[in-house]
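Only one structure is covered here, and it is reproduced in the block below.
Any read-out appearing in this document is the output of simple, stated calculations on the displayed coordinates, not a laboratory observation. None of the values given here were measured: they were computed from a predicted structure. Glycine gets a Cβ as well: all are built from the backbone with ideal geometry, and neighbour counts include every protein chain shown.
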Amino acid sequence: MATLWLANLPADVTDDEISGWLEKYGFPPCDEITRVPGDGSRPGAMIAFADLDDDVLRRLQPRINGVFVRGKTISAQVAPPSRPEPR
């Protein structure tokens, strides 16, 4: 599983719009979108792809990074793999 971090999203963007943008730029359908709360100035979301590995997502990431949507420039980064919690 690989995760893409999207930042600087328009405040009123829907999950369907995010999925549509990604698919428009050649990403496979995502499995989960998790909104990340903040102060409201640069809303973000974590996009999970169960069937992608990090290397494939790194090759796709430049397609969406820097895209201008509704007055905002989207920032996209591949999130580091999650580590198991310490015991």
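Miscellaneous remarks
- Residue among V69, L4, F49 farthest towards the positive dipole end of segment 2-78, charges placed on Cβ: V69
- For the chain, the relative contact order works out to 42 percent when only alpha carbon pairs closer than 8 Å and six or more residues apart are counted.
- Read-out Rg and Dmax of the Cα atoms in Å, derived from the coordinates shown; its label in (1) 12.8, 45; (2) 12.8, 40; (3) 21.1, 74: (1)
- Angle of helix 15-24 to the longest C-alpha principal axis of the chain, folded into 0 to 90 degrees and rounded to 10: 80°.
- Span from the segment 1-17 Cα centroid across to the segment 19-43 one, whole angstrom: 2 Å
- Counting other Cβ atoms within 10 Å as a rough exposure proxy, the listed residues F49, F68 run F68, F49 from fewest neighbours to most.
- The charge dipole of the chain, taken about the Cα centre with unit charges on the Cβ atoms of Lys, Arg (+1) and Asp, Glu (-1), comes to about 380 debye, rounded to the nearest 20.
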